[in-house]
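A short write-up of the structure that comes next.
The values are calculated or read from the model by the stated rules, or taken from the named source; none is laboratory data. Nothing here was measured: the structure is a model prediction, and the numbers come from that model. FYI the Cβ positions are ideal-geometry reconstructions off the backbone, even for glycines, and counts take in every protein chain you see. Ligands, DNA and RNA are stripped out before the accessible areas are found, and what is left, the full protein with its side chains, is counted by its heavy atoms. Shrake-Rupley method; radii C 1.70, N 1.55, O 1.52, S 1.80 Å.
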Amino acid sequence: MEVRVRVFRFNPEIDRKPRYDVFTVEAEPMDRVLDLLEYIRGDIDGTLSFRRSCGHGICGSDAMRINGRNMLACKALVKNFETNEITVEPLLGLPVLKDLIVDMEPFFEHYRSVLPYLINDEPLPEDGRERLQSPAERERFDDTTKCILCAACTTSCPSFWADGRYVGPAAIVNAHRFIFDSRDRAAAERLEILNQQMGVWRCRTAFNCTEACPREIKITQAIAEVKRAIQTGRLD
């Protein structure tokens, strides 16, 4: 089958404004959008720029906007689109470096701001081994451990589009992962960070983030749980 791939193009070094290039390629129903982009770059236009790494939905590097929705190009199959025209664009809300590549530094700056790592200065158990937790304690934050930092959720958020200073869903998800970890001792510090003007209260519960997540994390629920923890001071 023939597929028309309409690709956003912009090189700030030479272009005054963005454009769209259209490529007609032969594709199989089980081909991925990533396969089409690889073919275009390898056989038609070697100047096309995009990120990819593992190609299996784990690294998150090939997140982009495909037919108006954020998704991973390696998980987007040709057969899942109702049309033979596929439009590929960079994620919204982040500066475009070239073509489908965006500057991820603002995203990672927000991520780093919530202290996304285990903090516990207490002495280790007497046996010198790991700090134990029950299956129920582990289950409490299991869902938010699935984040691959692809930015699909944050760049689908209207609040982030409106103001890039908003910490965004991905940062809140990664804060949640440690706030509710029974081994961590910095929940209060993270909650204070997220209780600021550009923190968790900027969320308008649009559910765009949950719909965009390629790992099917219940992001809106996690954000609500963080809000409740701030309001009640409780982590149950």
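Summary table
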{"item": "Distance violations [Cα-Cα > 21 Å] among LYS146/LYS218; LYS79/LYS218; LYS17/LYS75", "result": "LYS79/LYS218; LYS17/LYS75"}
{"item": "Per-selection Rg to Rh, the stretch 83-154 - Cα, Kirkwood hydrodynamic radius", "result": "1.18"}
{"item": "Cα gyration tensor of the stretch 150-213 - equivalent ellipsoid semi-axes, whole Å, descending", "result": "21, 14, 8"}
{"item": "Solvent exposure, largest accessible area first (probe 1.4 Å, DNA, RNA and ligands not counted), of MET1, MET71, MET64, MET30", "result": "MET30, MET1, MET71, MET64"}
{"item": "Largest-first principal axis extents of the Cα set of the stretch 85-226 (Å)", "result": "60, 33, 27"}
{"item": "Selected from GLN221, PHE180, LEU191, residue furthest toward positive end of dipole (the stretch 129-236; charges at beta carbon)", "result": "LEU191"}
{"item": "Interatomic Cα distance distribution for the stretch 1-58, bins of 10 angstrom, percent", "result": "20, 49, 27, 5"}
{"item": "Neighbour-limited loop hits for GluC sites (Glu not before Pro), the stretch 8-108 (at most 16 other Cβ within 10 Å; DSSP other than H, G, I, E, B)", "result": "GLU13, GLU82"}
{"item": "Loop-resident sites, the stretch 1-66, for trypsin sites (Lys or Arg not before Pro), counting at most 14 other Cβ within 10 Å (DSSP)", "result": "ARG16"}
{"item": "The chain - charge dipole about Cα centre, Lys and Arg +1 at Cβ, Asp and Glu -1, debye rounded to 20", "result": "640 debye"}
{"item": "With DNA, RNA and ligands ignored, accessible area of TYR39 (1.4 Å probe; Å², nearest 10)", "result": "110 Å²"}
{"item": "Cys with no candidate disulfide partner in the chain (beta-carbon separation under 4.7 Å rule)", "result": "CYS74, CYS147, CYS150, CYS157, CYS203, CYS213"}
{"item": "The stretch 187-236: equivalent-ellipsoid semi-axes (sqrt of 5 x gyration tensor eigenvalues, Cα, Å)", "result": "21, 12, 9"}
{"item": "Accessible-area composition of the stretch 77-225, carbon plus sulfur, in percent [1.4 Å probe]", "result": "50 percent"}
{"item": "Share of pairwise Cα separations in the stretch 141-181, more than 16 Å, in percent", "result": "35 percent"}
{"item": "Average accessible area per residue (Å²) across the chain - probe 1.4 Å, nucleic acids and ligands excluded", "result": "53 Å²"}
{"item": "Cα pair distances of the stretch 2-96 binned at 5 Å [whole percent]", "result": "3, 13, 25, 27, 20, 8, 3, 0"}
{"item": "Sites matching chymotrypsin sites (Phe, Trp or Tyr not before Pro) across the stretch 176-207 that sit in DSSP coil, with at most 13 neighbouring C-beta atoms within 10 Å", "result": "PHE207"}
{"item": "Span from the the stretch 1-65 Cα centroid across to the the stretch 175-208 one, whole angstrom", "result": "35 Å"}
